[in-house]
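Notes follow once the structure below has been shown.
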Amino acid sequence: LTLDLSPFVNIQGGTYSGNGISSTTSSVMDLNLGAGIHPVDYTVVNPSNNCPITEQINVEILSNPVISFSSNITEGCLPLQVTLTDDNPEVADMCVWDFGDGVQEIACGTLNHTFESANCFDVSLTKTFTNGCTTTGVLTDYICVNPLPVSDFIVDNDKINSMYTKVQFTNYSQDATN
């Protein structure tokens, strides 16, 4: 991420110096310096007396807030309704939830969502703040929806009487554990 500082100076042709400036003739500042105020000096030379004049441009880099969210349940059977909560108290102008199932919702705070298909889904929350900063948090395979079990079995002996008292069942059920 970079910032062109040339729109912030009134006289062109000067030199730049400071953290994030790769060369004195470049007006482009690398913004990967971390949060804080980073001063950049811009120097021009008066052609009539060769005296330098230096102005300082203070570039404030804001830190992106940490995205943190949780769900009341992370695994269950189809259909699965979950309640997702934004655990970060920083208020955003816009919040976009992506549930990984093709559905997105614009809402901040707590919301409910129903997953209608079996799978494990990545869930993300993207927040945009008043200062224009946008940040996204993703939890991979966060919500896992199990298919409904299918009960199926056969009996090897369908005639039970006093002579044939044993029955053997063969389980052909799907997505069931017992």
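Tabulated results
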quantity: First in the range 95-108 and more than 22 Å from Thr130 (Cβ to Cβ), second anywhere and acidic (Asp, Glu) and assigned to a loop (DSSP other than H, G, I, E, B), Cβ under 8 Å, 6 or more apart; calculated: Asp101/Glu116
quantity: Residue count for the range 9-56, restricted to those that are β-branched (Val, Ile, Thr) and either open to solvent by less than 30 Å² (accessible area, probe 1.4 Å) or within 33 Å of the chain's Cα centre (by Cα) (or both); calculated: 6
quantity: The listed residue being β-branched (Val, Ile, Thr), surrounded by 11 or more Cβ atoms within 10 Å (Cβ to Cβ) and within 30 Å of Asn88 (Cβ to Cβ), out of Val138, Val155; calculated: Val138
quantity: Residue in the range 102-113 that is in contact with a Gly (Cβ under 8 Å, 6 or more places away or on another chain) and surrounded by 14 or more Cβ atoms within 10 Å (Cβ to Cβ) present; calculated: no
quantity: Filter pass, Gly100 being at pLDDT below 95 and either farther than 25 Å from Asn146 by Cα or touching a Phe, Trp or Tyr at 6+ places or on another chain (Cβ under 8 Å) (or both); calculated: no
quantity: Residue among Phe121, Phe99 that alone is touching a His at 6+ places or on another chain (Cβ under 6 Å), under 17 Å from Val138 (Cα atoms), of a type in the set (Phe, Trp, Tyr) and crowded, with 17+ Cβ neighbours inside 10 Å; calculated: Phe99
quantity: 3 or more residues under 27 Å from the mean Cα position of the chain (by Cα) and farther than 30 Å from Glu60 by Cα: qualifying strands (runs of 3 or more DSSP E) within the range 91-176; calculated: 110-115, 119-128, 134-146
quantity: Residues within the range 58-94 that are in contact (Cβ under 8 Å) with a residue 24 or more places away in the chain, of a type outside the set (A, V, I, L, M, F, W, C), touching a strand residue (DSSP E or B) at 6+ places or on another chain (Cβ under 7 Å) and more than 20 Å from Ile143 (Cα to Cα), tallied; calculated: 4
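The values are calculated or read from the model by the stated rules, or taken from the named source; none is laboratory data. The model shown is predicted, which means the values in this text are computed figures rather than measured ones. Cβ sites come from the backbone with ideal geometry, for glycine too, and all protein chains shown count toward neighbours. Protein only, heavy atoms only, side chains kept; ligands, DNA and RNA dropped before computing areas. Shrake-Rupley method; radii C 1.70, N 1.55, O 1.52, S 1.80 Å.
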